[in-house]
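**Student:** The structure is given below, and queries will be raised subsequently.
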Amino acid sequence: MLFHIDTVNIQTHSSWEDSSHYQIILLPCPTEFMVDFTDYENTSTALLFLSPYQHLSWKGASLTSATRIRFHGDFYCIEYHKEEVACNGLLFNNIYLQPFVAVNNDLYQEIELIIGKIRTELSANASFSESVIKAYLQLILALSSKAKKALIDSAILPNAALGQEGSLFQQLLADNFTTHRYPYFYAEKLNLSLSAFSKKIKQQLGKSPSSLIQDCVILESKKQLHLTYLSIKEIASRLGFDDEHYFSRYFKKRVGVSPSKFREQVGISIVAQKSP
């Protein structure tokens, strides 16, 4: 199914199955959870956004159930609609931003109302309009993107003022992640000991350098698999892996499925470059 809404009992699903779909999960109360091995906690009503095959597990007992929207890239392509919604890189697919956005009660209730309208449309069974559902989904994404931008503009997102090492590391990582996948290279570039570097990056960006390096490699791997027609061997080479099989093991260990399985389940986007 390319689009689905359900309500899941958290107490019986402490670790949700990894999905080939994009997911939007409504968080009605403060909740502790883990996404891709990083701990998070929302302190108000919030929306959680997951890209295909991101790992989610719940840590706190405060949340008993959650409403979830799931949609496949073949149903709604976030890359294709980036001009209207601007959600890719803001709500999804960003290793530096937290995967959820806090929203006030009014906006949360507005999104619940939209979901109710989607449920009503889906209840029409064979006569439901896919275009109407896409329009409602796009509205949810647009409202969420607006809320996320407001948080960023107001500097509520944490730790930006603790120092410049985080932003310098991001620049270095973007330029060097295909050739340098170990923290000591970046620590040396910033003239810091490995321990001091690791501490500063954790404070400023919320993750360890090793985690961010791995996240960067995996995110780019997913992009290449989804947004190009390159073979897995070609993608491995572009990402600095001499051995296609080692790349596949590296990817599967972090994502849970092989690159070929990821491409099969997630698909190749309609905006994929045929001759990158």
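**Student:** Can you confirm whether region 52-66 contains a residue that is more than 15 Å from the chain's Cα centre (by Cα), among the hydrophobic types (A, V, I, L, M, F, W, C) and either more than 29 Å from Q203 (Cα to Cα) or surrounded by fewer than 17 Cβ atoms within 10 Å (Cβ to Cβ) (or both)?
**Tutor:** yes
Yes/no per residue for (1) among the acidic types (D, E); (2) more than 20 Å from E32 (Cα to Cα); (3) modelled with pLDDT of 90 or more:
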site: F100; (1), (2), (3): no, no, yes
site: L107; (1), (2), (3): no, yes, yes
site: S123; (1), (2), (3): no, yes, no
site: A147; (1), (2), (3): no, yes, yes
site: A160; (1), (2), (3): no, yes, no
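**Student:** Do any residues in region 185-204 that are within 15 Å of L172 (Cα to Cα) have Cβ atoms under 9 Å from those of residues that are surrounded by fewer than 16 Cβ atoms within 10 Å (Cβ to Cβ) and among the aromatic types (F, W, Y), where the two are at least six apart or on different chains, and which pairs are they?
**Tutor:** Partner pairs satisfying both residue conditions: F197/Y184.
**Student:** Collect the residues in region 98-112 that are touching a helix residue (DSSP H, G or I) at 6+ places or on another chain (Cβ under 8 Å) and either buried (at least 16 other Cβ atoms within 10 Å of the Cβ) or among the hydrophobic types (A, V, I, L, M, F, W, C) (or both), keeping them in residue-number order.
**Tutor:** If the condition is that a residue be touching a helix residue (DSSP H, G or I) at 6+ places or on another chain (Cβ under 8 Å) and either buried (at least 16 other Cβ atoms within 10 Å of the Cβ) or among the hydrophobic types (A, V, I, L, M, F, W, C) (or both), then V101, A102, V103, L107, I111 are the ones that fit.
**Student:** Still on this structure, I have one more. Within region 89-98, is there a residue that is under 20 Å from F262 (Cα atoms), hydroxyl-bearing (S, T, Y) and not in a strand (DSSP E or B)? Step through it out loud before you land on a result.
**Tutor:** Taking region 89-98 first, the residues under 20 Å from F262 (Cα atoms) are 89, 92-95.
Next cut, hydroxyl-bearing (S, T, Y) only: none.
Within region 89-98, not a single residue is under 20 Å from F262 (Cα atoms), hydroxyl-bearing (S, T, Y) and not in a strand (DSSP E or B).
**Student:** When you go through L239, L173, L192, L230 one by one, which is the residue that is surrounded by 16 or more Cβ atoms within 10 Å (Cβ to Cβ), closer than 23 Å to M34 by Cβ and not aromatic (F, W, Y)? Walk me through it before giving the result.
**Tutor:** Working: L239 fails: closer than 23 Å to M34 by Cβ; L192 fails: closer than 23 Å to M34 by Cβ; L230 fails: closer than 23 Å to M34 by Cβ.
Going through L239, L173, L192, L230 in turn, the sole match is L173.
**Student:** Let me ask you something else. Quick check on this structure: which one of K274, K222, K189 is at pLDDT 95 or above, over 22 Å from S51 (Cβ atoms) and basic (K, R)? Let's see the steps before the verdict.
**Tutor:** Working: K274 fails: at pLDDT 95 or above; K222 fails: over 22 Å from S51 (Cβ atoms).
From the options K274, K222, K189, the qualifying one is K189.
**Student:** Same structure again: With the structure loaded, tell me whether D74 is part of a loop (DSSP other than H, G, I, E, B) and over 12 Å from the mean Cα position of the chain (by Cα) or whether it fails that test.
**Tutor:** Taking the combined requirement at face value, the residue satisfies it.
**Student:** List pairs: first in region 40-51 and in the same structural domain as E110 (by TED's automatic domain parsing), second charged (D, E, K, R), Cβ under 7 Å, 6+ apart or cross-chain?
**Tutor:** The qualifying pairs are E41/E32.
**Student:** Can you name the residue in region 67-89 that is in contact (Cβ under 8 Å) with a residue 24 or more places away in the chain and among the acidic types (D, E) and is also surrounded by the most Cβ atoms within 10 Å (Cβ to Cβ) among such residues?
**Tutor:** Filtering region 67-89 for residues in contact (Cβ under 8 Å) with a residue 24 or more places away in the chain gives 67-81, 84-87.
If we keep only those that are among the acidic types (D, E) too, we end up with 74, 79, 84.
Values: D74: 14, E79: 18, E84: 11.
Looking at residues that are in contact (Cβ under 8 Å) with a residue 24 or more places away in the chain and among the acidic types (D, E), I get E79.
The values are calculated or read from the model by the stated rules, or taken from the named source; none is laboratory data. Not measured: the values here are computed from a predicted model. Every residue, glycine among them, receives a Cβ derived from its backbone with ideal geometry; neighbour counts consider all protein chains shown.
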